[in-house]
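Worksheet: the structure to be examined is printed underneath.
The values are calculated or read from the model by the stated rules, or taken from the named source; none is laboratory data. Please read these numbers as outputs of a predicted model, since none were measured by experiment. Using ideal geometry, Cβ is built from the backbone for each residue, glycine included, and neighbour counts are taken over all protein chains shown. Accessible surface is based on the protein model in full, side chains and every heavy atom, while ligands, DNA and RNA are left aside. Shrake-Rupley method; radii C 1.70, N 1.55, O 1.52, S 1.80 Å.
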Amino acid sequence: MGFIQINELHKTYWLGESQVHALRGVSLAVNEGERLFLGGPSGSGKSTLLHIIGCLDRFDQGRIVVAGRDVASADDRALADFRARYIGFVFQNFNLLPVLTVFENVEYPLLLNGEKSAKKRRSRVEGMLEAVGLLGHAKHYPNELSGGQRQRVAIARALVHHPRLLIADEPTANLDSTTGEAIIQLMLDLSREQGSTVIICTHNRELLENAERCILLRDGKIENDATAGTQGRTAACF
Amino acid sequence: MFLIKVAWRNILRHKRRSLFALLTILSGVTGIILFGGFVEANYIGLRESVIRSQYGHLQIHRAGYEANHRQDPDRYRMPLEQAERVKALLESNPHVQMTSRRLEFTALLGNEKNSQAAIVRGVDPETETLINSALTIIDGTDLDEEEPEGVLLGEGLAQALNVKVGDQLSLLASTVNGVMNAVDVTVQGIFQSFAKEYDDAAMMMTLPHAQQLLNTQSVDTVVALLDETMALDAVVADVADRSRAQDLGIEWIEWHKLATFYQKVVDLYDGFFLFINLVIYVVVVFGVANTMIVTVMERTAEIGTLRAMGTHRGGIVRQFLTEGLMLAVFGAVLGVLAGIALTYSLNALEIMMPPPPGSSKGYPLRIAYVPWIWAGSVGAVALIALFATLVPAMQAARKSIVDALRYV
Ligand SMILES: Nc1ncnc2c1ncn2[C@@H]1O[C@H](COP(=O)(O)OP(=O)(O)OP(=O)(O)O)[C@@H](O)[C@H]1O
Ligand SMILES: [Mg+2]
């Protein structure tokens, strides 16, 4: 069985009378250490799927197992602990906490995981900041950084506690293309070092085409699931 | 620590909003402190004035006096020798500043034209002056042992009789043997006390002259004045112990049991104070709640991020409670400091206040320093802030993570 196992997943949003069937039977298996890109037109259900995999949202029908855990049966508290321990998130809007410095932002997941030793936290945080090239900005506040720098901090924060799964929903949408490429590369490199599974959702065609594995969603269903050959090409996606 | 750090930075992040909440709390607490201090100063002023204008701190009578003296006044008076022993006992207590004897009776005071019933008090002039230090001689001079026939009349009584200082009057009363007796008296002075009703009927004369009129050696009361009102309980305990040991046969009554007027004023002002507290605390509730509701709204995306990373709902609640509490306690402490500073300044200005009800004299504005009100208002504001923050904090924690993350 895969690291992530999804069977016939359905999710409907209710807006008063009307309903939006955002996911209509998605089935998917992801192995540990895989790096998966998720594409598809706007409104196809990418974010919805990521939220459910990331244990941020509930679903109506189907089954999902993440890291060997049947998350549907867990309560809020258990899910929160599960996310803190096993999942790292990178968001489109960076979502750094404005009152915390770069260092403190990256330190937060370690605090959540109950790392008592300030010395250990410091070395972990500094290691991550060094890896994203922002050690010199440790004392800065997020509003003193550029978008690209903020997203680097967010990557450091998402990976500092060595999560087994990294989820990124359009992490480059607010960045120029050069910066965006560097950000994606950084995520891939760092997560490879840690052996984490990565799921990145993007509209960037080039990224999708070059992905090791690429999944296209349309109208809440998987339209295409292509794994690259040894050359690492997924032309089949398009 | 982390909670406090984050709360503090968030408070500083929106300076204007925090300042507004802070000022609301600050002015509320300052108001409570000023009003509470004003009320307390009035209690103290009124208390000391009541004690010194007639009651003294402690009045000692022969045992059974209170229950029986109206039916049989002379039998329950203290004979000369008992009064001397009581005086000696009292004066050996270091808190007792002085004692004074009183003989009380009603008599008819008049001349050829007018006559009035008077509540007469025969006193030791030397010491009574001290007990009556809140009693002002508005015309003439105080009683004097050298002028045994001199008397003081309350302002209202003098007006009713239409007499002035230097006028002669005669005083008619029945002796302890039941015979009518009369003495001549001279109006030596006219006084005002804190209570107009009392001034309408009261008259003071020297004790020997009064004893001569009633043909007795006894007195009704030995009054004691203490160096400080707070020592009363200790003095009473001492008097109880030693009078029992000496088998003195006395009873006593403390000033506050006599001063019903004082108690009524205290009850009334306690009511005002409570009401003002309630009004101010309601304002504080809305101030804090409003600030926290806006704060929670604004930080929706932040809440979503924290929850996504794995912060528990309780963690979100604690964060906002800490913030509301810190804002409130900080505002309250500043309010206490402002209250103390204003108390000091207003006292220094010596503003004159109009006479209070039932009184004939104005008094300077005084505000007391009352530490329990300071501590109480900080505590109350803290509790109220927790309560006012709880609702928005719970709302924050209950938000759906996905919706919160979408919020821009
Ligand atoms: N909270 C919500 N309430 C109602 N409808 C929603 C909600 N979230 C998503 N939807 C609807 O569900 C469908 C899928 O939305 P989703 O955000 O997953 O799309 P997406 O593929 O991420 O799109 P985009 O590329 O624009 O981010 C859309 O039709 C959207 O309008
Ligand atoms: Mg999306």
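Taking the residues in segment A:170-205 that are touching a Phe, Trp or Tyr at 6+ places or on another chain (Cβ under 7 Å) and modelled with pLDDT of 95 or more as candidates, determine which candidate is farthest from ligand 1 (Cβ to nearest atom). Checked segment A:170-205; the qualifying residue farthest from ligand 1 (Cβ to nearest atom) is A:Thr197. Select from segment A:97-120 the residues that are aromatic (Phe, Trp, Tyr) and more than 10 Å from every other protein chain (Cβ to nearest Cβ) and list them in ascending order. Of everything in segment A:97-120, just one residue is aromatic (Phe, Trp, Tyr) and more than 10 Å from every other protein chain (Cβ to nearest Cβ), namely A:Phe103. Within segment B:269-279, the only residue that satisfies the criterion of being under 11 Å from the mean Cα position of the chain (by Cα) and surrounded by fewer than 13 Cβ atoms within 10 Å (Cβ to Cβ) is B:Asp270.
From the list A:Phe59, A:Phe94, A:Phe82, which residue is within 12 Å of chain B (Cβ to nearest Cβ), more than 16 Å from B:Met309 (Cβ to Cβ) and either surrounded by 15 or more Cβ atoms within 10 Å (Cβ to Cβ) or among the hydrophobic types (A, V, I, L, M, F, W, C) (or both)? That would be A:Phe59, the only listed residue that is within 12 Å of chain B (Cβ to nearest Cβ), more than 16 Å from B:Met309 (Cβ to Cβ) and either surrounded by 15 or more Cβ atoms within 10 Å (Cβ to Cβ) or among the hydrophobic types (A, V, I, L, M, F, W, C) (or both).
Condition check ((1) open to solvent by 70 Å² or more (accessible area, probe 1.4 Å); (2) within 14 Å of chain A (Cβ to nearest Cβ)) across all residues:
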position: B:Tyr281; (1), (2): no, no
position: B:Val288; (1), (2): no, no
position: B:Met297; (1), (2): yes, no
position: B:Ala308; (1), (2): no, yes
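Among the residues making up segment B:194-217, those that are assigned to a loop (DSSP other than H, G, I, E, B) and touching a strand residue (DSSP E or B) at 6+ places or on another chain (Cβ under 7 Å) are B:Asp200, B:Ala201, B:Asn215.
A single member of B:Asn93, B:Asn132, B:Asn111 is more than 18 Å from B:Tyr198 (Cβ to Cβ), open to solvent by less than 50 Å² (accessible area, probe 1.4 Å) and at pLDDT below 90, and it is B:Asn111. For B:Ala210, the stated conditions hold: it is closer than 18 Å to B:Leu108 by Cα, of a type in the set (Gly, Ala, Ser) and surrounded by 15 or more Cβ atoms within 10 Å (Cβ to Cβ).
Applying the criterion of being buried (at least 20 other Cβ atoms within 10 Å of the Cβ) and away from ligand 2 (no atom under 16 Å from the Cβ) to the residues of segment A:12-56, the residue that is nearest to the chain's Cα centre (by Cα) is A:Cys55. In segment B:1-23, the residue that is nearest to the other protein chains (Cβ to nearest Cβ) out of those that are open to solvent by 50 Å² or more (accessible area, probe 1.4 Å) and within 42 Å of the chain's Cα centre (by Cα) is B:Trp8. Close Cβ contacts (under 8 Å, 6 or more residues apart or on different chains) running from residues in segment A:86-106 that are more than 20 Å from B:Thr295 (Cα to Cα) and free of Cβ contacts under 8 Å to residues at least 12 places away in the same chain to residues that are more than 16 Å from ligand 1 (Cβ to nearest atom) and assigned to a loop (DSSP other than H, G, I, E, B) comprise A:Glu104/A:Leu97. Count of segment A:122-137 residues, restricted to those that are within 13 Å of A:His161 (Cβ to Cβ) and surrounded by fewer than 18 Cβ atoms within 10 Å (Cβ to Cβ), is 1.
Residues of segment B:114-129 that are loosely packed, with under 15 Cβ neighbours inside 10 Å and among the charged types (D, E, K, R): B:Glu126 alone. Of A:Arg157, A:Arg192, all but one fail to be of a type in the set (Lys, Arg) and either within 14 Å of chain B (Cβ to nearest Cβ) or within 16 Å of ligand 2 (Cβ to nearest atom) (or both); the exception is A:Arg157.
Right, A:Leu9: open to solvent by less than 50 Å² (accessible area, probe 1.4 Å) and within 16 Å of ligand 2 (Cβ to nearest atom) or not? Considered against the rule, which asks whether it is open to solvent by less than 50 Å² (accessible area, probe 1.4 Å) and within 16 Å of ligand 2 (Cβ to nearest atom), A:Leu9 comes out as no.
Taking the conditions (1) more than 21 Å from A:Gly33 (Cα to Cα); (2) within 14 Å of chain B (Cβ to nearest Cβ); (3) among the charged types (D, E, K, R) in turn, A:Asp169 satisfies each one other than (1).
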